[in-house]
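Notes to accompany the following structure.
The values are calculated or read from the model by the stated rules, or taken from the named source; none is laboratory data. As the structure is a prediction and not an experimental result, all values here were calculated from the model. Cβ: placed from backbone, ideal geometry, glycine included. Neighbour counts: every protein chain shown. Heads up: the accessible areas ignore ligands, DNA and RNA and are worked out on the full protein's heavy atoms, side chains in. Shrake-Rupley method; radii C 1.70, N 1.55, O 1.52, S 1.80 Å.
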Protein chains: 2
Amino acid sequence: MPTTTPSEGLHRLTATAAAAAIAAGELTSEALARALLDRIAARDPALKAWSFVDRDAVLRTARELDRSPSKGPLHGVPIGIKDMIDTADMPTQHNSPIYVAHQPSLDAACVETLRAAGALIIGKTETLEFAAAGRYAPTGNPHDLSRSPGGSSSGSAAAVADFQVPLALGTQTGGSTIRPASFCGAFALKPTWGAVSREGAKFYSVTFDTIGWYARSVEDLDLLAEVYGIVDDAPPRTGPLAGRRIGYCLPFPDATSADSREAVLAAVRHMRAEGAEVVEIALPSVFATLNDVHRVILFSEGRSAFLNLYRAHFGALHEDFRHRTENRDGFSRADLVRAYDTAASCRVAFEEIASSFDAILAPSAPGVAPPGRWHGDPGQNQIWTLLHAPVVNVPGFFGANGLPVGVSLTGPRFFDRQVLAVAAALASSLPETVREPA
Amino acid sequence: MPTTTPSEGLHRLTATAAAAAIAAGELTSEALARALLDRIAARDPALKAWSFVDRDAVLRTARELDRSPSKGPLHGVPIGIKDMIDTADMPTQHNSPIYVAHQPSLDAACVETLRAAGALIIGKTETLEFAAAGRYAPTGNPHDLSRSPGGSSSGSAAAVADFQVPLALGTQTGGSTIRPASFCGAFALKPTWGAVSREGAKFYSVTFDTIGWYARSVEDLDLLAEVYGIVDDAPPRTGPLAGRRIGYCLPFPDATSADSREAVLAAVRHMRAEGAEVVEIALPSVFATLNDVHRVILFSEGRSAFLNLYRAHFGALHEDFRHRTENRDGFSRADLVRAYDTAASCRVAFEEIASSFDAILAPSAPGVAPPGRWHGDPGQNQIWTLLHAPVVNVPGFFGANGLPVGVSLTGPRFFDRQVLAVAAALASSLPETVREPA
């Protein structure tokens with residue numbers, strides 16, 4: 001008796017492979033969706049990556065896509081949406097008691113663009129409350145359910161890393177896309193700030209909030225970049241690491257564990273062995289203050305972002321958001337202006353450094369995924385968010401208990417495709433990147 | 001027979017006066033709403049300031065407010081909302097065929113905060129399509145219906161200037177709040193960028209979009225600033241112009257008509273006569289490029305802002321938005337990064353200049369309201385939007401055909417209340433500011 005079913009293995013398809021098979025008539029969106037929904041049904045009661053999945057509605061939509069001519073490059077391809085990004089046909093709950101079962105009237109801009117490209121929205125993924133603070137996502141790490149997948153994009157990272165869906169949208173304000181990718185062992189892109197409209201995603205910090213996404217290959221990250229019209233001024237150099245020039249740094253070495261430091265240094269050794277020139281870069285001394293600068297902007301912008309909820313839903317608003325609205329840290333407006341201007345000048349300074357490299361390598365997280373449900377420290381990620389720089393997490397390194405540790409590749413603003421090209425070169429030369437959880 | 005009714009004159013109440021009368025039990029929200037709805041019914045068929053008013057629903061809500069204990073400083077006070085800001089109980093149509101009769105599921109953050117303070121949302125006001133480009137508002141100027149009220153906040157400016165409502169929300173991305181105030185002869189505040197959450201207002205440019213508002217007194221502008229928690233680091237100096245230090249400039253003199261130039265110079269003479277020290281300031285030469293810098297950012301951010309509509313609603317999307325999405329101006333990403341960095345450095349430079357003054361005086365518009373429905377040139381306003389500076393329009397000057405011309409008072413970021421204090425000093429010393437249309 002065969003132990004496989006016809007759908008066996010479909011969950012392993014990347015988005016690119018699935019899109020090609022669907023376009024070629026070799027696979028239906030319905031069959032793929034059914035395989036993923038089966039996997040979700042089997043595994044998500046333990047993992048808890050999803051806040052909302054309507055199996056029947058998804059299969060119905062998949063059948064409609066199967067009957068319709070191709071809408072675009074994602075035709076029929078399933079994707080998960082972080083549950084603080086609006087969807088017109090599924091609730092958007094923000095992991096907040098204020099928004100239980102809330103049904104938005106419109107898709108967020110980033111979701112409407114996905115649907116216009118043919119994507120099949122398969123469900124909503126668990127998030128830290130408002131992708132900001134407050135209540136943790138209930139989600140576990142696919143490689144060790146007792147540990148955190150990271151946050152705030154907890155469910156999106158976990159669902160992709162658990163092979164429950166090939167793609168998922170997240171967001172990053174501190175380190176909410178890249179750190180979970182590192183903890184879960186997935187690829188992720190946080191694009192240049194402003195490259196994708198954030199209309200219809202919950203606000204925290206208008207200066208930092210960025211739509212990002214998860215995948216299990218760089219090719220899939222690139223596929224969504226193309227859908228969102230993210231194009232560098234010049235086509236990036238593709239091909240192997242040999243001959244490339246890479247900078248690397250540990251911006252906050254005291255907050256980097258041995259696991260994370262070793263991942264960066266292993267990547268350095270690996271890239272050198274592959275023929276890249278890899279040099280350590282020195283960041284200007286002011287960069288050491290950027291986590292503090294980030295906090296001033298984050299908490300000050302949070303002060304206005306949550307004012308309406310503070311006034312209209314005080315009882316249901318988590319203490320963390322009251323903290324921001326009341327400005328309990330006591331940041332002055334002068335502090336905020338200084339922080340804005342420091343951030344702006346550091347963007348210029350970083351690009352002077354970064355523009356002479358193909359990419360800059362740095363840690364993606366303080367270390368491996370922590371125990372429990374705390375989403376982890378964003379202190380390795382905030383610097384790039386503040387600099388508005390594109391960041392790709394490349395998995396493929398492993399720390400304590402064999403847990404994944406990723407590395408970040410970053411570069412100047414709007415060099416997203418170049419950074420992706422370097423990530424592709426690195427990923428394709430590594431012995432293993434994304435490891436299927438047991 | 002008396003020709004007056006009991007409600008005669010209620011339309012002249014400022015928000016502050018109305019709030020006080022309601023709080024004192026001398027006026028009901030219903031009586032005030034009825035007077036304004038009557039005025040809207042009588043005058044708006046010609047003016048066309050409103051895209052949606054549901055008389056019965058407004059009166060029902062007013063009666064509920066009259067029965068309820070005070071919710072806050074706006075209890076029972078009517079306010080209009082620009083029709084690209086979401087309202088949970090009224091459609092939000094953006095003057096776009098894509099959103100005809102669209103009913104949002106939530107209030108925008110700025111609307112929810114108003115309601116929590118007790119405000120009575122009286123209706124939605126006409127806007128330039130998406131407050132950005134495309135279809136003009138159908139609204140006329142209350143002082144000459146053949147002329148434009150300015151845009152994009154056309155209906156909000158016209159409704160307040162026509163004494164149809166004491167307060168209205170608008171937005172500004174170029175000059176969409178301040179210029180209509182100048183054309184219509186109303187007070188307006190465009191606060192410091194980021195001071196009020198813009199969640200739930202349509203996106204155009206994330207770097208520039210700002211919630212602002214209209215009133216017929218500085219006190220009323222201040223009232224809403226207080227509701228939104230806009231507080232300077234130190235309480236502003238209040239009191240008369242005497243002894244204050246004011247700078248003035250004509251940033252784009254070649255684009256300033258005689259009417260507008262004369263309004264600024266009249267304000268200079270007036271403030272000097274009142275005992276202020278008023279000195280002309282020289283802006284750094286790079287400031288002459290800021291309209292170009294503004295356009296690069298505006299059109300580049302518009303490229304991502306309208307991508308979802310371009311992909312999902314191409315046929316119904318106005319050519320102007322196709323222009324932006326297709327980047328027909330051909331702005332490179334390098335152009336955009338340079339524009340961001342120039343804007344950031346000019347913010348620092350402006351504050352070095354502005355911090356030695358109580359406020360900076362400048363034109364609010366190129367001249368008086370133009371004929372037709374074109375919303376006018378934002379070239380006098382974009383500079384302050386780009387600098388993220390607070391701006392108050394003070395009416396009280398009059399140009400060709402007796403049409404209103406306002407002047408702008410601006411200052412460093414987060415000195416909104418100080419700028420309002422200077423505006424109050426100027427306004428209270430002028431012989432006339434807001435003139436009731438015939």
>> Taking each residue in B:115-122, count the Cβ atoms of any other chain within 10 Å of its Cβ, then average. What number comes out?
In response: 2
>> I'd like the antiparallel share, as a percent to the nearest 5, of DSSP beta bridges with both residues in chain A.
In response: 65 percent
> Leaving out ligands, DNA and RNA but keeping every protein chain, what accessible area does residue A:113 have, in Å² rounded to the nearest 10, with a 1.4 Å probe?
Replying inline: 0 Å²
> Which translational diffusion coefficient, to the nearest whole µm²/s, is obtained for the protein assembly as shown from the Stokes-Einstein equation, given a Kirkwood hydrodynamic radius over C-alpha pairs, 10 °C and 1.306 mPa s?
Replying inline: 57 µm²/s
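Partner chain Cβ atoms within 10 Å, averaged over the residues of A:325-332 - can you pull that number for me?
Mean number of neighbouring Cβ atoms from other chains: 1.
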> According to the square roots a ≥ b ≥ c of the eigenvalues of the Cα gyration tensor, what is the shape class of region A:151-295, taking rounded for a/c under 1.5, prolate for a/b larger than b/c otherwise, and oblate for the remainder?
Replying inline: rounded
> So what J values fall out for region A:149-154 if you push phi through Karplus, 6.51 cos²θ - 1.76 cosθ + 1.60 with θ = phi - 60°, rounded to Hz, Gly and Pro as x?
Replying inline: x, x, x, 7, 7, 4
> Okay, helix-only estimate at 222 nm for the protein assembly as shown: each DSSP H run of n ≥ 4 adds -39500 (n - 2.57), divide by all residues, round to 500 deg cm²/dmol; what do you get?
Replying inline: -11000 deg cm²/dmol
> Could you give me the ³J(HN,Hα) list for region B:44-57, computed from phi with Karplus coefficients 6.51, -1.76, 1.60 and θ = phi - 60°, whole Hz, x at Gly and Pro?
Replying inline: 6, x, 8, 6, 6, 7, 10, 9, 7, 9, 10, 4, 5, 5
> Could you give the dipole magnitude of region A:302-438 about its Cα centre, charging the beta-carbon of Lys and Arg +1 and that of Asp and Glu -1, in debye to the nearest 20?
Replying inline: 440 debye
> Long-range amide H contacts for residue A:405: which residues qualify at under 5 Å (H placed 1.01 Å from N, peptide plane, sequence gap of 5 or more or a different chain)?
Replying inline: A:396, A:397, A:398, A:399
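Given +1 on the Cβ of Lys and Arg, -1 on the Cβ of Asp and Glu, and no further charges, what dipole in debye does region B:1-156 carry about its Cα centre, rounded to the nearest 20?
180 debye
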> Per-residue HN-Hα couplings for region A:69-83, Karplus 6.51 cos²θ - 1.76 cosθ + 1.60 at θ = phi - 60°, whole Hz, x for Gly and Pro?
Replying inline: x, 4, 8, x, x, 9, 3, x, 7, x, 8, x, 10, 4, 7
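Using the structure shown, list the pairs from A:71/A:124; A:124/A:190; B:48/B:82; B:48/B:202; A:202/B:71; A:202/B:82 with a Cα-Cα distance above 24 Å, or answer none.
Where the Cα-Cα span goes over 24 Å, the pairs concerned are A:202/B:71.
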>> Explain nothing, just the number: relative contact order of region A:77-139, from Cα pairs under 8 Å at least 6 residues apart, as a whole percent.
In response: 40 percent
> Across peptide A:193-206, how many C-beta atoms of other chains are within 10 Å of each residue C-beta, on average?
Replying inline: 5
>> Just want the answer: with Cβ charges of +1 for Lys and Arg and -1 for Asp and Glu, which residue in A:110, A:92, A:49 is farthest toward the dipole's positive end in region A:11-157?
In response: A:49
> Of the residues B:404, B:180, B:236, which exhibits the maximal mean-square fluctuation in a Gaussian network model of chain B defined by a 10 Å Cα contact cut-off?
Replying inline: B:236
> How much of the DSSP beta bridge set in the protein assembly as shown is antiparallel, as a percent to the nearest 5?
Replying inline: 65 percent
>> Placing unit charges on C-beta atoms (Lys and Arg positive, Asp and Glu negative, everything else neutral), compute the dipole magnitude of region B:94-207 about its Cα centre in debye, rounded to 20.
In response: 160 debye
> Which whole-number percent gives the relative contact order of chain B, counting Cα pairs below 8 Å spaced six or more residues apart?
Replying inline: 18 percent
>> Based on alpha-carbon centroids, what's the gap between region A:289-305 and region A:79-135 in Å, whole number please?
In response: 25 Å
> In whole Å, how far is the Cα centre of region B:359-382 from that of region B:213-231?
Replying inline: 22 Å
> Quick one: which of A:244-250, A:190-196 comes out on top by average Cβ neighbours within 10 Å, and what's the full order, highest first?
Replying inline: A:190-196, A:244-250
> Under a point spin-label approximation (7 Å from Cα along Cα-to-Cβ), what is the residue B:245-residue A:314 distance to one decimal in nm?
Replying inline: 4.2 nm
